[in-house]
Each structure stands twice: as C-alpha cells, then as structure tokens.
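**Student:** Have a look at this one before I ask anything.
Values quoted throughout were computed directly from the atomic coordinates according to the rules given, and no laboratory measurement underlies them. Predicted model, so just to flag it, every value in this text is computed and none were measured. Glycine also receives a Cβ, built like all others from the backbone with ideal geometry; neighbour counts cover every protein chain displayed.
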Amino acid sequence: MDGDEPGLRRSMITRRVLLAAGGLMLLGECVAAEGSGAKTTAAAGTRARHAVTAAARPGTAARTASPHATPHGTASRRPASGPSDPDGPGGTAAARPGHGHPSDDQPMYTIDDGRKAIALTIDDGPSPLYTPQILRLLRKYRVTASFSMIGVNVAAHPGVARDVAEAGHMIVNHTWTHADLAVLPPAGVKDQLTRANDAISKATGRHPAMFRAPYGAWSAAVLRRCEQMRLTPLDWSVDPRDWARPGVGAIVDNIMRYTKTGSIILEHDGGGDRSETVAALTIVLPRLLEAGYHFRTP
C-alpha cells in the first residue's frame with residue numbers, strides 16, 4: 001500500500017461508511033417501490049448516489065486514488081487515465097493494470113480490442129423516458145453499448161429492456177435493487193444477482209454474461225458469486241460523474257479528456273434526471289467517432 005498508510009486507511013473507512021449509507025438507503029426505497037407498485041429506482045438512485053460523496057468517489061474519470069475492496073482485503077486501484085495522450089503511455093493500453101479480462105482479484109476495467117477501441121456502458125435503467133432517447137442516439141451513430149440494468153426496473157419496464165436487447169446491445173446484471181453488495185452477507189449477494197438475472201432473462205430472453213457492482217463496490221463474496229454464476233465482473237475506467245448532474249459541458253470535457261484506447265466509459269440512463277447525459281452523448285459520440293475511436297462491448 002503506497003503513500004500515507006494511515007491516511008489511506010482512513011479514506012477506505014470513510015468510503016465504506018458512505019457506500020453503506022447510500023446502498024442501504026437505495027435498498028430500502030427500492031423494496032418499498034417494489035411492494036407498492038410505485039416508481040422504481042429513478043428518484044431513489046439520485047438520493048443514494050448523492051450520499052456517496054467526493055470522499056467516496058475521489059477524482060473524476062480515472063479516480064487514481066480510489067481504493068476499493070478486493071478478495072485479499074487490500075487496496076486496489078483503477079488504472080490511471082492520463083489527460084494528454086489519448087492512447088495513453090506508449091500509445092497502447094496493454095501495460096495498464098486491470099486491462100482486458102479480469103484477474104483473480106479484480107474486475108475488468110478496460111477492454112482489449114485493438115487501437116482506439118473503447119466501450120460505452122450505461123447504468124441504472126431501463127428508464128421509459130431516457131433509455132429510448134439514448135437508443136435513438138446509438139442507432140443514429142451506429143454505436144453498440146452495454147446497458148447495466150437493475151432488476152426492479154426491468155420488471156417494471158420489460159418492454160424497454162426488450163427494446164435494448166432487440167437493438168443488439170449487451171445487457172449486464174446490475175443487481176435487483178442497486179444494493180451495496182459489499183455490506184451484504186453472501187446470501188444477500190446471491191439473491192441480488194439471481195433475481196436480476198431472472199428478471200432480465202424473462203424480459204429479454206437473454207441470460208447476462210457480465211455483472212457490474214453498484215458503486216464499484218467489490219468484495220470477495222461478490223467476485224465469488226460472479227464466478228459461480230459465470231458472470232464476468234465489469235467495472236469502468238472513465239467516470240464523468242453524470243449521475244451528479246455537473247452540467248453537459250463538464251460531462252463532455254471529462255469524457256474527451258480521459259478517454260483513450262481501451263477505456264470503459266460510465267454513463268447512466270436511470271436513477272434520476274438524465275437529460276444532461278442524453279445531451280452530452282449527442283456531443284461526445286460524433287466527437288469520439290471523428291477522433292477515430294470505435295465502440296465495442298466488453
């Protein structure tokens with residue numbers, strides 16, 4: 001563990017507390033929504049993510065100092081994203097940690113599909129309002145993306161989930177209620193992943209091959225459950241923090257600054273007002289394509 005060890009440990013403890021607060025808040029609201037038939041995770045997602053403050057999500061796209069749990073209980077780091085060379089040091093992504101397929105102790109943070117290959121991932125839907133808008137943009141620019149879907153939202157809007165699948169995009173398991181799995185016992189982790197898988201399969205006829213942990217909160221139990229269910233754990237390397245609604249310009253600038261060969265970009269179609277995300281995608285998709293990038297699924 002590099003740097004100031006006591007300081008890093010305090011940062012890790014702060015992050016766990018904040019993640020737990022956000023996860024428990026969203027879990028409670030999702031369960032209430034499921035039982036009442038009211039709206040699902042849209043508004044709840046916004047409030048829970050606001051609970052995950054800058055202390056829990058330091059930095060922007062690269063978050064080079066953001067420790068997270070690993071099976072060995074030590075600090076791991078997302079691969080650094082430099083703002084200068086769009087292809088990173090040496091012009092390739094091959095030397096970055098966490099590249100390509102996940103290792104035994106970390107998820108997939110980048111893709112390995114040649115120079116200028118990148119991935120767009122869209123979380124927390126499906127949303128009957130924003131998902132169709134994003135689908136139209138993706139169709140316009142002939143971009144294939146990955147949608148990390150929350151089970152209760154799939155159950156509430158199966159037609160929207162089906163539209164995503166029929167458009168040829170990848171669907172990723174993102175838990176049943178967007179719970180912070182790092183604070184759940186193994187039985188709770190199993191329930192969250194299994195119920196989401198079942199909802200996605202029922203709505204789309206597809207069985208997910210990948211899983212993304214809410215908040216990027218990984219633990220030994222989560223990775224073990226992914227292995228048992230044959231779900232590849234998927235993370236990200238570029239986070240423009242669109243969920244915090246920082247402004248369209250901020251989202252665009254962040255993505256254009258940090259995206260490089262192998263990047264996995266994180267965006268959202270659910271969890272609240274995603275109008276800024278849609279507006280930002282209308283700008284960054286053509287810009288990235290003009291810069292020579294091509295979109296792939298992980």
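**Student:** Whole-Hz ³J(HN,Hα) for each residue in region 237-254, computed from phi via Karplus 6.51 cos²θ - 1.76 cosθ + 1.60 with θ = phi - 60°, x for glycine and proline: what do you get?
**Tutor:** 10, 10, 10, x, 6, 4, 4, 8, 6, x, x, 4, x, 5, 5, 4, 4, 5
**Student:** On to the next question. Using the Karplus curve 6.51 cos²θ - 1.76 cosθ + 1.60 with θ = phi - 60°, work out ³J(HN,Hα) for each residue of region 148-161 in order, rounded to whole Hz, and write x for Gly and Pro.
**Tutor:** Taking θ as phi minus 60°, the curve returns 8, 9, 8, x, 5, 6, 5, 5, 7, 9, x, x, 5, 4 Hz for region 148-161.
**Student:** Within 10 Å of each residue's Cβ, count the other Cβ atoms and sort K116, K260 from fewest upward.
**Tutor:** Arranged by neighbour count, lowest to highest, K116, K260 become K116, K260.
**Student:** So for the pair Y141, R115, with labels modelled 7 Å out along Cα→Cβ, what separation do we get in nm?
**Tutor:** It is 2.2 nm.
**Student:** In nm, to one decimal, how far is the modelled label at R287 from the one at A187, with both set 7 Å along Cα→Cβ?
**Tutor:** Placing both labels 7 Å beyond Cα along the Cβ direction yields 5.0 nm.
**Student:** At 37 °C and 0.692 mPa s, grab the translational diffusion coefficient of region 243-293 from Stokes-Einstein with a Kirkwood Rh over Cα pairs, rounded to a whole number in µm² per second.
**Tutor:** 289
**Student:** Taking amide H positions as placed 1.01 Å from N in the peptide plane, with prolines and chain starts having none, which residues 5 or more places from I150, or on another chain, fall under 5 Å of its amide H?
**Tutor:** D124, G125
**Student:** Would you compute, for the Cα atoms of region 133-266, the largest minus smallest coordinate along each principal axis and list the three values in descending order, in whole Å?
**Tutor:** Cα extents, longest axis first: 42, 30, 26 Å.
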